1. State all residues of the stretch 170-182 that are modelled with pLDDT of 95 or more and either among the polar types (S, T, N, Q) or not in a helix (DSSP H, G or I) (or both); if no residue qualifies, say none.
2. Pull out all pairs, ordered by first then second residue, where Cβ-Cβ is under 6 Å, the residues are six or more apart or on different chains, the first lies in the stretch 366-377 and is touching a residue at least 24 places away in the same chain (Cβ under 8 Å) and part of a loop (DSSP other than H, G, I, E, B), and the second is surrounded by 24 or more Cβ atoms within 10 Å (Cβ to Cβ) and of a type in the set (D, E, K, R).
3. Using the structure shown, decide if Ala414 is surrounded by 13 or more Cβ atoms within 10 Å (Cβ to Cβ), within 20 Å of Tyr43 (Cβ to Cβ) and modelled with pLDDT of 95 or more.
4. Check Glu151, Glu140, Glu173 and return the single one that is touching an Asp or Glu at 6+ places or on another chain (Cβ under 6 Å), in contact (Cβ under 8 Å) with a residue 60 or more places away in the chain and closer than 23 Å to Trp65 by Cβ.
5. Filter the stretch 28-85 down to the residues that are under 30 Å from Ala355 (Cα atoms) and in contact with a strand residue (DSSP E or B) (Cβ under 6 Å, 6 or more places away or on another chain) and list them by number.
6. Does Thr206 satisfy the criteria of being surrounded by fewer than 19 Cβ atoms within 10 Å (Cβ to Cβ) and of a type in the set (Val, Ile, Thr)?
7. I'd like the full set of residues that are touching a residue at least 40 places away in the same chain (Cβ under 8 Å) and surrounded by fewer than 22 Cβ atoms within 10 Å (Cβ to Cβ), limited to the stretch 88-99.
8. Give me a count of the residues in the stretch 289-348 that are part of a loop (DSSP other than H, G, I, E, B) and closer than 24 Å to Lys370 by Cα.
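The values are calculated or read from the model by the stated rules, or taken from the named source; none is laboratory data. Everything quoted here is computed from the prediction, not taken from an experiment. Virtual Cβ from ideal backbone geometry, glycine too; neighbours counted across all protein chains shown.
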Amino acid sequence: MSSIVQQYIDIAKKRNPGEPEFHQTVEEVLKSLEPVLEKHPEYIEAGLIERLIEPERGISFRISWVDDAGKVQVNRGYRYQFNSAIGPYKGGIRFAPNVNPSVIKFLGFEQIFKNALTGLPIGGGKGGADFDPTGKSDGEIMRFCQAFMTELYRHVGPNTDVPAGDLGVGPREIGYMFGQYKRIVDRYEGVLTGKGLSYGGLNGRTEATGFGIVYYANCMLESNGEKLEGKTVALSGFGNVTWGTALKLKELGAKVITISGPDGFILDEAGINTDEKVAYLVELRNSGKNICAPYADKFPGSKFFPGEKPWGVKVDLVIPCAMQNDIHLEHAKQIVANGTKFVCEGANMPCTNEAVEYMMENGVIVGPSKAANAGGVACSCIEMGQNAGHTVFSPAQVHAQLKEIMVNIHDSCAAAAKEYGLGYNLVAGANIAGFKRIAEAMMAQGVV
């Protein structure tokens, strides 16, 4: 690694102490960009990297709300607007107890490159709060969402920053936030994506992230002379992304045999390959209990492994869809030992840098999350266009656009890696392809 790249990594660590997730993603991206910076010294002279790793704006705010017992609760909210060189800030809102500046910055930084890879006019941002929706009543969630938007509304808008959902933020939460925004600003506009179909939402948005992951994984396999049909797959998580991924894998003839939750993982060797089983993932998520154990009670023959992760199960394809840093080095060693050839990242940064390096050094082909799970934000941008044009797209129109976008993302990652002599390295290719688009826009707009 060159001294200039290490210098930028050191700057990020010094300016953002105690933020390991942010340090991790900056290091992962910048290491890939070394050959680009050698070829384009003008990027260094223009201070492009220093500007890229510093958010354009960071907002932290108090959220005061009243629970069902009449007690005042206080949470902390965030929105980091990282880069608007190619369009308004775009990225989800996450409600989870572990939300902090490091987590939001890592997600926002990743979002810059992910959004650039789609080829659509959207910049990168992310937000959230350290609020845990698990076990909360509808009334409590509504009051929290309204309090959250009462603080956030002045910083977002259809041409400024368009948030979407993320962990802990689904259609219910989006609806409550949209209603509060509309009440405050007295305008009906596309300030949020992931809305319900009755008020401007996009047909096919719910399954978009999962479907996009499978389209990307399919490109990975086909580029290496294989196909999804007949392959066994290990998924983690059991939420919206896992559900969409399982649905499309079933449709293409692959067999999903694991899901997981905070309580452990499910092994269903018969396959999560019926409409009833896939639909039950939605029921599990909507229960509000955040556990996957009931699956084993519902479907005889499946097994529940409490407190464990599914990465020791022998499969052809691994798709982690739960959360960041789900696969550590010890799990990577299990995956390699099992002979798994493909890992396609469904969640945001689900593998540690050490895990990715070990897998790639041992012949595993890794599809990076910033490319593989970009289908969700791509469809969010399509929803923005639908709202701006006051029209409605059909599911067929949406799915056709989604598939084309995901194939183009894969091809641009592969082409960028090849251009810089890196072979079929999709991890580096994704960082390079996304960066090249952002860099061109930033250079054109001067020092801002």
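1. Gln180
2. Pro368/Glu345; Ala374/Lys114
3. When the stated conditions are applied, Ala414 does not pass them.
4. Glu140
5. Pro55, Tyr78, Arg79, Tyr80, Gln81, Phe82, Asn83, listed by residue number.
6. When the stated conditions are applied, Thr206 does not pass them.
7. Pro88, Ala96
8. Residues that pass the stated criteria total 17.
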